[in-house]
1. If I take the rotation axis that carries chain A onto chain B, which residue of chain A has the nearest beta-carbon, and at how many angstrom?
2. Show B:SER244, A:SER167 ordered by accessible area, largest first, where the area counts protein heavy atoms only and the probe is 1.4 Å.
3. Rounded to the nearest whole Å², what accessible area per residue is found for chain A with the 1.4 Å probe?
4. Using a Cα-Cα cut-off of under 17 Å, which lysines could be cross-linked to B:LYS20, ignoring same-chain neighbours fewer than 8 residues away?
5. What does DSSP give for the protein assembly as shown in terms of the percent of beta bridges that are antiparallel, rounded to the nearest 5?
6. With the Cα gyration tensor of region A:122-193 giving a ≥ b ≥ c as the square roots of its eigenvalues, does the rule (a/c under 1.5 for rounded; else a/b larger than b/c for prolate; else oblate) give rounded, prolate or oblate?
7. With the cut-off at 19 Å, tell me which of the pairs A:LYS267/B:LYS199; A:LYS164/B:LYS204; A:LYS269/B:LYS120; A:LYS145/B:LYS204; B:LYS203/B:LYS254 have Cα atoms farther apart than that.
8. Per residue of region B:43-49, in order, report the coupling 6.51 cos²θ - 1.76 cosθ + 1.60 (Karplus, θ = phi - 60°) as ³J(HN,Hα) in whole Hz, putting x for Gly and Pro.
There are 2 protein chains.
Amino acid sequence: MQIGIVGLGLMGGSIAQALKEKHTVFAYDRNPDSLQYGLDHQLIHEAAPDIARLAEKAEIIYLCLYPEAIDPFIKSNQKLFRSGTVFIDISGTKVRLVNDVVPLLRDDVDMIFTHPIAGKEKIGIRYADKQIFIGQNYVIVPTPKNTSQHLDLVEGLARDMGFKTVSYLSPDDHDEIIAFTSQLCHVLALALMDSAPRKYPLKKYVGDSFRDLTRVAMINTPLWQELFLDNKPYLMEQIDHLISGLEKYRKAIKNHDRVKLVDMMEKAKHLRMQMEKEVT
Amino acid sequence: MQIGIVGLGLMGGSIAQALKEKHTVFAYDRNPDSLQYGLDHQLIHEAAPDIARLAEKAEIIYLCLYPEAIDPFIKSNQKLFRSGTVFIDISGTKVRLVNDVVPLLRDDVDMIFTHPIAGKEKIGIRYADKQIFIGQNYVIVPTPKNTSQHLDLVEGLARDMGFKTVSYLSPDDHDEIIAFTSQLCHVLALALMDSAPRKYPLKKYVGDSFRDLTRVAMINTPLWQELFLDNKPYLMEQIDHLISGLEKYRKAIKNHDRVKLVDMMEKAKHLRMQMEKEVT
(Lines give C-alpha, C1' and ligand atoms only; values in the text may rest on other atoms or scores of the structure.)
Protein backbone atom coordinates (compact mmCIF):
# COMPACT_ATOMS: atom_id res chain seq x y z
CA MET A 1 0.00 0.00 0.00
CA GLN A 2 0.92 3.69 -0.27
CA ILE A 3 1.53 4.81 3.29
CA GLY A 4 2.06 8.38 4.45
CA ILE A 5 3.62 9.36 7.76
CA VAL A 6 3.02 12.83 9.18
CA GLY A 7 5.61 13.55 11.88
CA LEU A 8 8.86 11.64 11.53
CA GLY A 9 10.01 11.32 15.13
CA LEU A 10 10.63 8.26 17.28
CA MET A 11 7.21 6.74 16.60
CA GLY A 12 6.79 7.91 13.00
CA GLY A 13 10.29 6.75 12.13
CA SER A 14 9.79 3.36 13.79
CA ILE A 15 6.44 2.82 12.02
CA ALA A 16 8.02 3.82 8.71
CA GLN A 17 10.87 1.38 9.19
CA ALA A 18 8.51 -1.41 10.28
CA LEU A 19 6.21 -0.99 7.25
CA LYS A 20 8.79 -0.15 4.61
CA GLU A 21 9.53 -3.71 3.60
CA LYS A 22 5.95 -4.56 2.58
CA HIS A 23 4.68 -1.09 1.65
CA THR A 24 5.71 2.17 0.02
CA VAL A 25 6.32 4.78 2.70
CA PHE A 26 6.22 8.56 2.19
CA ALA A 27 6.80 10.99 5.01
CA TYR A 28 6.35 14.62 5.86
CA ASP A 29 7.91 16.46 8.79
CA ARG A 30 8.18 20.20 9.37
CA ASN A 31 11.84 19.61 10.19
CA PRO A 32 13.70 18.85 6.92
CA ASP A 33 16.60 17.31 8.89
CA SER A 34 14.32 14.53 10.11
CA LEU A 35 13.24 13.75 6.56
CA GLN A 36 16.85 13.73 5.39
CA TYR A 37 17.76 11.38 8.24
CA GLY A 38 14.86 9.10 7.24
CA LEU A 39 16.11 8.98 3.65
CA ASP A 40 19.77 8.56 4.62
CA HIS A 41 18.96 5.66 6.94
CA GLN A 42 16.49 3.95 4.62
CA LEU A 43 13.57 4.44 6.98
CA ILE A 44 11.33 5.91 4.24
CA HIS A 45 11.08 5.62 0.47
CA GLU A 46 10.34 9.27 -0.19
CA ALA A 47 10.28 12.61 1.64
CA ALA A 48 7.32 14.82 0.78
CA PRO A 49 8.23 18.52 0.61
CA ASP A 50 4.80 19.50 1.91
CA ILE A 51 1.52 17.98 3.09
CA ALA A 52 -0.16 18.48 -0.30
CA ARG A 53 2.46 16.26 -1.93
CA LEU A 54 1.99 13.57 0.74
CA ALA A 55 -1.81 13.80 0.33
CA GLU A 56 -1.54 13.17 -3.40
CA LYS A 57 0.35 9.95 -3.00
CA ALA A 58 -0.80 8.13 0.13
CA GLU A 59 -3.92 6.06 0.80
CA ILE A 60 -3.25 5.59 4.50
CA ILE A 61 -1.88 8.39 6.68
CA TYR A 62 -0.33 7.76 10.11
CA LEU A 63 -0.62 10.94 12.15
CA CYS A 64 2.44 10.71 14.39
CA LEU A 65 1.74 13.98 16.16
CA TYR A 66 1.20 15.00 19.76
CA PRO A 67 -2.49 14.53 20.66
CA GLU A 68 -3.25 18.23 20.79
CA ALA A 69 -1.84 18.71 17.30
CA ILE A 70 -4.31 16.27 15.70
CA ASP A 71 -7.35 18.59 15.70
CA PRO A 72 -5.52 21.57 14.14
CA PHE A 73 -3.91 19.27 11.58
CA ILE A 74 -7.28 17.93 10.43
CA LYS A 75 -8.86 21.39 10.41
CA SER A 76 -6.11 22.93 8.33
CA ASN A 77 -5.17 20.08 6.03
CA GLN A 78 -7.89 17.55 5.40
CA LYS A 79 -9.04 19.50 2.35
CA LEU A 80 -5.78 18.46 0.67
CA PHE A 81 -6.43 14.73 0.91
CA ARG A 82 -8.16 12.43 -1.58
CA SER A 83 -11.63 11.05 -1.05
CA GLY A 84 -11.36 7.71 0.79
CA THR A 85 -8.18 8.59 2.68
CA VAL A 86 -7.82 6.69 5.99
CA PHE A 87 -6.10 8.59 8.79
CA ILE A 88 -4.62 6.59 11.64
CA ASP A 89 -4.09 8.21 15.01
CA ILE A 90 -1.53 6.66 17.40
CA SER A 91 -2.09 8.75 20.54
CA GLY A 92 -2.03 7.42 24.08
CA THR A 93 -5.45 8.84 25.05
CA LYS A 94 -8.77 8.58 23.23
CA VAL A 95 -11.92 10.04 24.85
CA ARG A 96 -11.04 13.70 24.32
CA LEU A 97 -9.60 13.05 20.87
CA VAL A 98 -12.51 10.98 19.51
CA ASN A 99 -15.01 13.53 20.84
CA ASP A 100 -13.17 16.50 19.36
CA VAL A 101 -11.85 15.10 16.09
CA VAL A 102 -14.65 12.90 14.70
CA PRO A 103 -17.05 15.85 14.20
CA LEU A 104 -14.35 17.68 12.23
CA LEU A 105 -13.84 14.92 9.65
CA ARG A 106 -15.01 15.27 6.06
CA ASP A 107 -17.73 12.73 5.14
CA ASP A 108 -15.52 11.00 2.59
CA VAL A 109 -12.46 10.36 4.80
CA ASP A 110 -12.12 8.10 7.81
CA MET A 111 -9.99 8.11 10.93
CA ILE A 112 -9.08 5.02 12.92
CA PHE A 113 -8.01 5.74 16.49
CA THR A 114 -5.30 3.32 17.64
CA HIS A 115 -2.71 2.95 20.37
CA PRO A 116 0.49 1.04 19.70
CA ILE A 117 1.60 0.29 23.29
CA ALA A 118 5.30 0.61 22.63
CA GLY A 119 7.95 3.28 22.79
CA LYS A 120 11.22 4.40 24.26
CA GLU A 121 12.24 7.06 26.77
CA LYS A 122 13.90 8.94 23.91
CA ILE A 123 12.88 11.72 21.53
CA GLY A 124 13.38 11.97 17.78
CA ILE A 125 13.98 9.93 14.65
CA ARG A 126 17.57 9.13 15.64
CA TYR A 127 16.12 6.60 18.09
CA ALA A 128 13.62 5.07 15.60
CA ASP A 129 13.70 1.29 15.81
CA LYS A 130 11.12 -1.12 14.46
CA GLN A 131 12.16 -3.67 17.09
CA ILE A 132 10.17 -1.78 19.74
CA PHE A 133 6.93 -3.18 18.24
CA ILE A 134 7.83 -6.87 18.20
CA GLY A 135 5.52 -8.96 20.40
CA GLN A 136 3.77 -5.90 21.86
CA ASN A 137 0.12 -4.91 22.34
CA TYR A 138 -1.93 -2.76 19.96
CA VAL A 139 -5.33 -1.30 20.74
CA ILE A 140 -7.91 -0.09 18.21
CA VAL A 141 -10.71 2.20 19.39
CA PRO A 142 -13.37 2.02 16.68
CA THR A 143 -15.91 4.78 16.03
CA PRO A 144 -19.35 4.23 14.45
CA LYS A 145 -18.01 5.69 11.21
CA ASN A 146 -15.23 3.09 10.82
CA THR A 147 -15.94 0.36 8.27
CA SER A 148 -14.89 -3.20 9.09
CA GLN A 149 -12.80 -3.09 5.94
CA HIS A 150 -10.80 -0.15 7.30
CA LEU A 151 -10.49 -1.73 10.75
CA ASP A 152 -9.16 -4.95 9.19
CA LEU A 153 -6.72 -2.93 7.16
CA VAL A 154 -5.32 -1.17 10.24
CA GLU A 155 -5.17 -4.42 12.20
CA GLY A 156 -3.24 -5.99 9.31
CA LEU A 157 -0.76 -3.11 9.33
CA ALA A 158 -0.27 -3.56 13.11
CA ARG A 159 0.56 -7.21 12.46
CA ASP A 160 2.94 -6.17 9.65
CA MET A 161 4.73 -3.99 12.22
CA GLY A 162 5.21 -7.00 14.50
CA PHE A 163 2.52 -6.39 17.13
CA LYS A 164 1.36 -9.66 18.66
CA THR A 165 -2.01 -8.83 20.23
CA VAL A 166 -4.56 -6.47 18.71
CA SER A 167 -7.54 -5.58 20.95
CA TYR A 168 -10.64 -3.46 20.46
CA LEU A 169 -11.83 -1.09 23.20
CA SER A 170 -14.28 1.76 23.59
CA PRO A 171 -12.72 5.20 24.15
CA ASP A 172 -13.66 5.12 27.85
CA ASP A 173 -12.37 1.59 28.44
CA HIS A 174 -9.15 2.49 26.64
CA ASP A 175 -8.56 5.60 28.71
CA GLU A 176 -9.37 3.84 31.98
CA ILE A 177 -7.03 0.90 31.52
CA ILE A 178 -4.27 2.97 29.87
CA ALA A 179 -4.47 5.53 32.70
CA PHE A 180 -3.37 2.60 34.85
CA THR A 181 -0.86 0.74 32.66
CA SER A 182 0.75 3.76 31.04
CA GLN A 183 0.09 7.27 32.35
CA LEU A 184 0.11 6.21 36.02
CA CYS A 185 3.45 4.42 35.56
CA HIS A 186 4.97 7.62 34.23
CA VAL A 187 3.49 9.77 37.02
CA LEU A 188 4.79 7.22 39.49
CA ALA A 189 8.33 7.19 38.15
CA LEU A 190 8.37 11.00 38.20
CA ALA A 191 6.87 11.25 41.71
CA LEU A 192 9.40 8.68 42.92
CA MET A 193 12.34 10.69 41.58
CA ASP A 194 10.79 13.81 43.10
CA SER A 195 10.61 12.18 46.54
CA ALA A 196 14.29 11.10 46.57
CA PRO A 197 16.12 12.05 49.78
CA ARG A 198 18.36 14.83 48.51
CA LYS A 199 21.16 14.40 51.03
CA TYR A 200 22.58 11.23 49.41
CA PRO A 201 24.32 10.81 46.03
CA LEU A 202 21.62 8.51 44.69
CA LYS A 203 23.76 6.83 42.04
CA LYS A 204 25.87 5.04 44.65
CA TYR A 205 22.93 3.35 46.31
CA VAL A 206 20.67 2.15 43.49
CA GLY A 207 20.25 -1.26 41.92
CA ASP A 208 18.51 -2.50 38.79
CA SER A 209 15.07 -2.46 40.44
CA PHE A 210 15.33 1.29 41.01
CA ARG A 211 16.78 1.92 37.55
CA ASP A 212 14.02 -0.08 35.84
CA LEU A 213 11.32 1.54 37.89
CA THR A 214 12.42 5.09 37.12
CA ARG A 215 13.56 4.61 33.52
CA VAL A 216 10.39 6.24 32.18
CA ALA A 217 11.08 9.34 34.29
CA MET A 218 13.43 10.25 31.40
CA ILE A 219 10.28 11.54 29.82
CA ASN A 220 9.25 13.49 26.72
CA THR A 221 7.73 16.28 28.80
CA PRO A 222 5.77 18.15 26.07
CA LEU A 223 4.09 14.91 24.94
CA TRP A 224 3.33 13.42 28.33
CA GLN A 225 1.95 16.56 29.95
CA GLU A 226 -0.64 16.48 27.13
CA LEU A 227 -1.41 12.81 27.78
CA PHE A 228 -1.73 13.40 31.54
CA LEU A 229 -4.11 16.33 31.03
CA ASP A 230 -6.09 14.66 28.22
CA ASN A 231 -6.78 11.69 30.48
CA LYS A 232 -7.39 13.72 33.62
CA PRO A 233 -10.46 12.02 35.19
CA TYR A 234 -9.21 8.43 34.78
CA LEU A 235 -5.64 9.29 35.69
CA MET A 236 -6.74 11.05 38.90
CA GLU A 237 -8.80 7.98 39.78
CA GLN A 238 -5.80 5.69 39.22
CA ILE A 239 -3.52 7.94 41.29
CA ASP A 240 -6.10 7.69 44.08
CA HIS A 241 -6.18 3.87 43.82
CA LEU A 242 -2.41 3.70 43.98
CA ILE A 243 -2.28 6.00 47.02
CA SER A 244 -4.85 3.71 48.71
CA GLY A 245 -2.69 0.71 47.81
CA LEU A 246 0.39 2.39 49.33
CA GLU A 247 -1.60 3.29 52.44
CA LYS A 248 -2.62 -0.37 52.88
CA TYR A 249 1.05 -1.38 52.85
CA ARG A 250 1.92 1.49 55.17
CA LYS A 251 -0.72 0.33 57.64
CA ALA A 252 0.32 -3.33 57.58
CA ILE A 253 3.96 -2.33 58.09
CA LYS A 254 3.07 0.12 60.87
CA ASN A 255 1.00 -2.53 62.68
CA HIS A 256 3.74 -5.12 62.14
CA ASP A 257 0.95 -7.26 60.67
CA ARG A 258 2.90 -10.08 59.03
CA VAL A 259 -0.18 -12.10 58.12
CA LYS A 260 -1.79 -9.20 56.25
CA LEU A 261 1.50 -8.17 54.65
CA VAL A 262 2.30 -11.65 53.36
CA ASP A 263 -1.26 -12.06 52.09
CA MET A 264 -1.14 -8.78 50.12
CA MET A 265 2.33 -9.58 48.76
CA GLU A 266 1.34 -13.04 47.59
CA LYS A 267 -1.76 -11.73 45.78
CA ALA A 268 0.19 -8.99 44.00
CA LYS A 269 2.94 -11.44 43.10
CA HIS A 270 0.43 -13.91 41.71
CA LEU A 271 -1.16 -11.20 39.54
CA ARG A 272 2.22 -10.14 38.19
CA MET A 273 3.40 -13.69 37.51
CA GLN A 274 0.23 -14.43 35.56
CA MET A 275 0.98 -11.43 33.38
CA GLU A 276 4.57 -12.56 32.88
CA LYS A 277 3.58 -16.00 31.71
CA GLU A 278 0.91 -14.80 29.35
CA VAL A 279 2.68 -11.82 27.86
CA THR A 280 6.08 -13.15 26.98
CA MET B 1 41.40 -17.21 50.72
CA GLN B 2 39.28 -19.92 52.31
CA ILE B 3 35.71 -18.68 51.96
CA GLY B 4 32.63 -20.22 53.55
CA ILE B 5 29.07 -19.60 52.39
CA VAL B 6 26.18 -20.32 54.75
CA GLY B 7 22.94 -20.53 52.76
CA LEU B 8 23.37 -21.52 49.12
CA GLY B 9 20.42 -19.78 47.45
CA LEU B 10 20.31 -17.13 44.74
CA MET B 11 22.70 -14.77 46.58
CA GLY B 12 24.93 -17.41 48.20
CA GLY B 13 25.25 -19.27 44.90
CA SER B 14 26.05 -16.10 42.97
CA ILE B 15 28.68 -15.00 45.51
CA ALA B 16 30.22 -18.48 45.44
CA GLN B 17 30.41 -18.46 41.66
CA ALA B 18 31.83 -14.92 41.62
CA LEU B 19 34.59 -15.73 44.13
CA LYS B 20 35.42 -19.25 43.05
CA GLU B 21 37.98 -18.34 40.48
CA LYS B 22 40.30 -16.47 42.89
CA HIS B 23 39.40 -18.23 46.16
CA THR B 24 38.52 -21.60 47.63
CA VAL B 25 34.81 -21.75 48.32
CA PHE B 26 33.10 -24.08 50.81
CA ALA B 27 29.36 -24.02 51.38
CA TYR B 28 26.78 -25.25 53.82
CA ASP B 29 23.01 -25.32 53.26
CA ARG B 30 20.37 -27.18 55.25
CA ASN B 31 19.02 -28.41 51.92
CA PRO B 32 21.44 -31.06 50.54
CA ASP B 33 19.97 -30.64 47.03
CA SER B 34 21.26 -27.06 46.91
CA LEU B 35 24.75 -28.22 47.85
CA GLN B 36 24.62 -30.97 45.23
CA TYR B 37 23.50 -28.44 42.63
CA GLY B 38 26.38 -26.16 43.63
CA LEU B 39 28.86 -29.00 43.18
CA ASP B 40 27.33 -30.24 39.93
CA HIS B 41 27.40 -26.77 38.41
CA GLN B 42 30.88 -25.87 39.68
CA LEU B 43 29.62 -23.01 41.83
CA ILE B 44 31.55 -24.26 44.90
CA HIS B 45 34.69 -26.28 45.52
CA GLU B 46 33.34 -28.27 48.44
CA ALA B 47 30.05 -28.95 50.23
CA ALA B 48 30.29 -29.03 54.03
CA PRO B 49 28.06 -31.69 55.62
CA ASP B 50 27.50 -29.47 58.66
CA ILE B 51 28.40 -26.08 60.08
CA ALA B 52 31.21 -27.49 62.21
CA ARG B 53 32.97 -28.73 59.11
CA LEU B 54 32.57 -25.34 57.38
CA ALA B 55 33.84 -23.58 60.54
CA GLU B 56 36.99 -25.69 60.55
CA LYS B 57 37.97 -24.74 57.02
CA ALA B 58 36.92 -21.16 56.29
CA GLU B 59 38.47 -17.84 57.33
CA ILE B 60 35.69 -15.67 55.93
CA ILE B 61 32.02 -16.64 56.23
CA TYR B 62 29.30 -15.05 54.09
CA LEU B 63 25.99 -15.39 55.92
CA CYS B 64 23.52 -15.61 53.05
CA LEU B 65 20.50 -15.94 55.32
CA TYR B 66 17.29 -13.98 55.77
CA PRO B 67 17.94 -11.09 58.19
CA GLU B 68 15.94 -12.62 61.03
CA ALA B 69 17.98 -15.82 60.79
CA ILE B 70 21.30 -14.06 61.47
CA ASP B 71 20.87 -13.62 65.24
CA PRO B 72 19.85 -17.24 65.91
CA PHE B 73 22.66 -18.47 63.66
CA ILE B 74 25.26 -16.54 65.64
CA LYS B 75 23.77 -17.56 69.00
CA SER B 76 23.73 -21.25 68.15
CA ASN B 77 26.83 -21.62 66.03
CA GLN B 78 29.55 -19.05 66.71
CA LYS B 79 31.13 -21.37 69.28
CA LEU B 80 32.07 -23.68 66.39
CA PHE B 81 34.18 -21.10 64.58
CA ARG B 82 37.88 -20.39 64.88
CA SER B 83 39.24 -17.35 66.65
CA GLY B 84 39.64 -14.55 64.11
CA THR B 85 36.79 -15.64 61.87
CA VAL B 86 35.23 -12.76 59.90
CA PHE B 87 31.50 -13.08 59.27
CA ILE B 88 30.01 -11.04 56.43
CA ASP B 89 26.34 -10.17 56.47
CA ILE B 90 24.64 -9.28 53.16
CA SER B 91 21.18 -8.19 54.36
CA GLY B 92 19.18 -5.32 52.90
CA THR B 93 18.62 -3.57 56.27
CA LYS B 94 21.12 -2.66 58.99
CA VAL B 95 19.94 -0.70 62.06
CA ARG B 96 18.02 -3.54 63.69
CA LEU B 97 20.64 -6.11 62.74
CA VAL B 98 23.70 -4.17 63.96
CA ASN B 99 21.93 -3.35 67.24
CA ASP B 100 20.89 -6.93 67.87
CA VAL B 101 23.83 -8.91 66.53
CA VAL B 102 26.94 -6.97 67.57
CA PRO B 103 26.33 -7.55 71.33
CA LEU B 104 26.06 -11.29 70.67
CA LEU B 105 29.46 -11.63 69.02
CA ARG B 106 32.37 -13.37 70.68
CA ASP B 107 35.28 -11.01 71.38
CA ASP B 108 37.59 -12.89 69.04
CA VAL B 109 35.39 -12.91 65.93
CA ASP B 110 34.26 -9.99 63.78
CA MET B 111 31.23 -9.28 61.63
CA ILE B 112 31.18 -6.87 58.71
CA PHE B 113 27.72 -5.69 57.75
CA THR B 114 27.42 -5.18 53.99
CA HIS B 115 24.79 -4.75 51.34
CA PRO B 116 25.46 -5.93 47.78
CA ILE B 117 22.80 -3.93 45.88
CA ALA B 118 22.07 -6.61 43.32
CA GLY B 119 19.65 -9.48 42.88
CA LYS B 120 16.95 -11.03 40.79
CA GLU B 121 13.22 -11.55 41.22
CA LYS B 122 13.90 -15.29 41.56
CA ILE B 123 14.44 -17.70 44.44
CA GLY B 124 17.05 -20.42 44.81
CA ILE B 125 20.43 -21.54 43.60
CA ARG B 126 19.11 -22.53 40.18
CA TYR B 127 19.08 -18.80 39.36
CA ALA B 128 22.56 -18.09 40.76
CA ASP B 129 24.51 -15.92 38.33
CA LYS B 130 27.68 -13.98 39.09
CA GLN B 131 26.79 -11.52 36.28
CA ILE B 132 24.25 -9.81 38.57
CA PHE B 133 27.13 -8.14 40.46
CA ILE B 134 28.99 -6.64 37.50
CA GLY B 135 29.13 -2.84 37.65
CA GLN B 136 26.77 -2.64 40.63
CA ASN B 137 26.90 -0.82 43.97
CA TYR B 138 28.10 -2.31 47.28
CA VAL B 139 27.66 -0.71 50.68
CA ILE B 140 29.67 -1.46 53.83
CA VAL B 141 28.27 -0.43 57.20
CA PRO B 142 31.23 -0.48 59.60
CA THR B 143 30.90 -0.98 63.35
CA PRO B 144 33.42 0.32 65.94
CA LYS B 145 34.70 -3.25 66.31
CA ASN B 146 35.67 -3.63 62.63
CA THR B 147 39.40 -3.27 61.94
CA SER B 148 40.48 -1.41 58.82
CA GLN B 149 42.25 -4.61 57.77
CA HIS B 150 38.94 -6.51 57.81
CA LEU B 151 37.09 -3.71 56.05
CA ASP B 152 39.73 -3.62 53.30
CA LEU B 153 39.46 -7.38 52.95
CA VAL B 154 35.69 -7.25 52.46
CA GLU B 155 35.97 -4.34 50.03
CA GLY B 156 38.53 -6.32 48.05
CA LEU B 157 36.18 -9.30 47.90
CA ALA B 158 33.38 -7.03 46.64
CA ARG B 159 35.72 -5.88 43.85
CA ASP B 160 36.60 -9.51 43.10
CA MET B 161 32.87 -10.17 42.62
CA GLY B 162 32.67 -7.37 40.05
CA PHE B 163 31.08 -4.56 42.08
CA LYS B 164 32.07 -1.17 40.74
CA THR B 165 31.35 1.24 43.58
CA VAL B 166 31.94 0.46 47.24
CA SER B 167 30.55 3.02 49.72
CA TYR B 168 30.62 3.31 53.49
CA LEU B 169 27.49 4.35 55.42
CA SER B 170 26.28 4.41 59.02
CA PRO B 171 23.45 1.97 59.83
CA ASP B 172 20.91 4.83 59.90
CA ASP B 173 22.08 6.41 56.65
CA HIS B 174 22.05 2.98 55.00
CA ASP B 175 18.52 2.21 56.11
CA GLU B 176 17.21 5.63 55.14
CA ILE B 177 18.58 5.67 51.60
CA ILE B 178 17.88 1.96 51.01
CA ALA B 179 14.31 2.39 52.27
CA PHE B 180 13.98 4.70 49.29
CA THR B 181 16.00 2.96 46.55
CA SER B 182 15.09 -0.60 47.41
CA GLN B 183 12.28 -1.36 49.87
CA LEU B 184 10.04 1.46 48.63
CA CYS B 185 10.45 0.28 45.02
CA HIS B 186 9.24 -3.16 46.02
CA VAL B 187 6.28 -1.81 48.05
CA LEU B 188 5.45 0.41 45.08
CA ALA B 189 5.46 -2.41 42.53
CA LEU B 190 3.26 -4.51 44.85
CA ALA B 191 0.85 -1.66 45.59
CA LEU B 192 0.64 -0.90 41.87
CA MET B 193 -0.31 -4.50 41.04
CA ASP B 194 -2.80 -4.41 43.89
CA SER B 195 -4.48 -1.30 42.49
CA ALA B 196 -4.98 -2.76 38.99
CA PRO B 197 -8.54 -2.36 37.65
CA ARG B 198 -9.76 -5.95 37.83
CA LYS B 199 -12.25 -5.76 34.97
CA TYR B 200 -9.63 -5.80 32.21
CA PRO B 201 -7.27 -8.62 31.13
CA LEU B 202 -4.17 -6.64 32.01
CA LYS B 203 -1.79 -8.57 29.78
CA LYS B 204 -3.39 -7.16 26.62
CA TYR B 205 -2.87 -3.55 27.59
CA VAL B 206 0.62 -3.33 29.05
CA GLY B 207 3.88 -2.17 27.52
CA ASP B 208 7.50 -2.43 28.60
CA SER B 209 7.20 0.50 31.01
CA PHE B 210 4.58 -1.36 33.04
CA ARG B 211 6.47 -4.65 32.85
CA ASP B 212 9.72 -3.05 34.04
CA LEU B 213 7.98 -1.14 36.78
CA THR B 214 6.27 -4.19 38.24
CA ARG B 215 9.00 -6.79 37.64
CA VAL B 216 10.04 -6.73 41.30
CA ALA B 217 6.45 -7.55 42.33
CA MET B 218 7.48 -11.14 41.55
CA ILE B 219 8.88 -11.03 45.01
CA ASN B 220 10.47 -13.42 47.49
CA THR B 221 7.72 -12.83 50.07
CA PRO B 222 9.34 -14.43 53.16
CA LEU B 223 12.53 -12.39 52.66
CA TRP B 224 10.97 -9.06 51.77
CA GLN B 225 8.34 -9.00 54.51
CA GLU B 226 11.31 -9.22 56.92
CA LEU B 227 13.10 -6.38 55.16
CA PHE B 228 9.96 -4.21 55.17
CA LEU B 229 9.38 -4.80 58.89
CA ASP B 230 13.06 -4.49 59.84
CA ASN B 231 13.19 -1.07 58.19
CA LYS B 232 9.80 0.09 59.43
CA PRO B 233 10.43 3.73 60.47
CA TYR B 234 12.41 4.74 57.38
CA LEU B 235 10.19 2.81 55.01
CA MET B 236 7.05 4.44 56.41
CA GLU B 237 8.69 7.83 55.98
CA GLN B 238 9.56 7.06 52.35
CA ILE B 239 6.03 5.80 51.63
CA ASP B 240 4.76 9.10 53.02
CA HIS B 241 7.13 11.10 50.81
CA LEU B 242 6.02 9.15 47.76
CA ILE B 243 2.34 9.69 48.59
CA SER B 244 3.07 13.43 48.89
CA GLY B 245 4.82 13.32 45.51
CA LEU B 246 1.82 11.59 43.93
CA GLU B 247 -0.51 14.12 45.52
CA LYS B 248 1.52 16.98 44.00
CA TYR B 249 1.04 15.45 40.55
CA ARG B 250 -2.63 14.80 41.26
CA LYS B 251 -3.12 18.44 42.19
CA ALA B 252 -1.31 19.85 39.15
CA ILE B 253 -3.32 17.54 36.87
CA LYS B 254 -6.60 18.39 38.61
CA ASN B 255 -5.89 22.13 38.29
CA HIS B 256 -4.81 21.68 34.68
CA ASP B 257 -1.66 23.52 35.76
CA ARG B 258 0.62 22.99 32.79
CA VAL B 259 3.36 25.28 34.07
CA LYS B 260 3.62 23.46 37.40
CA LEU B 261 3.34 20.04 35.74
CA VAL B 262 6.07 20.72 33.20
CA ASP B 263 8.31 22.18 35.89
CA MET B 264 7.95 19.09 38.13
CA MET B 265 8.46 16.73 35.19
CA GLU B 266 11.60 18.48 34.01
CA LYS B 267 13.13 18.43 37.50
CA ALA B 268 12.41 14.70 37.96
CA LYS B 269 13.70 13.94 34.47
CA HIS B 270 16.89 15.87 35.13
CA LEU B 271 17.50 13.96 38.37
CA ARG B 272 16.97 10.61 36.63
CA MET B 273 19.17 11.48 33.64
CA GLN B 274 22.01 12.50 35.96
CA MET B 275 21.78 9.08 37.56
CA GLU B 276 21.77 7.36 34.17
CA LYS B 277 24.91 9.10 33.04
CA GLU B 278 26.85 8.48 36.18
CA VAL B 279 25.80 4.88 36.84
CA THR B 280 26.21 3.18 33.51
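1. Whole-Å result, nearest residue of chain A to the axis: A:ASP212, 2.
2. Working: B:SER244 60, A:SER167 5 Å².
These residues rank, largest area first, as B:SER244, A:SER167.
3. Details: 10990 Å² over 280 residues.
I get 39 Å² per residue for this part.
4. Reachable lysines: B:LYS57, B:LYS130.
5. Numbers: 10 of 56 bridges.
Within the protein assembly as shown, antiparallel bridges account for around 20 percent of the total.
6. Details: a/c = 2.54, a/b = 1.32, b/c = 1.93.
Oblate shape, in that a/c is at least 1.5 and b/c is the bigger or equal ratio.
7. Values: A:LYS267/B:LYS199 16 Å; A:LYS164/B:LYS204 10 Å; A:LYS269/B:LYS120 14 Å; A:LYS145/B:LYS204 25 Å; B:LYS203/B:LYS254 29 Å.
With Cα atoms farther than 19 Å apart: A:LYS145/B:LYS204; B:LYS203/B:LYS254.
8. My calculation for region B:43-49 gives 8, 9, 7, 8, 9, 8, x Hz in order.
The values are calculated or read from the model by the stated rules, or taken from the named source; none is laboratory data. What you are looking at is a predicted structure, and each value in this text was computed from that prediction instead of being measured. Quick reminder, even Gly has a Cβ in these numbers, built from the backbone with ideal geometry, and neighbours come from all protein chains shown. The protein model used for the area step is the full one, side chains on, heavy atoms only, and it has no ligands, DNA or RNA in it. Shrake-Rupley method; radii C 1.70, N 1.55, O 1.52, S 1.80 Å.
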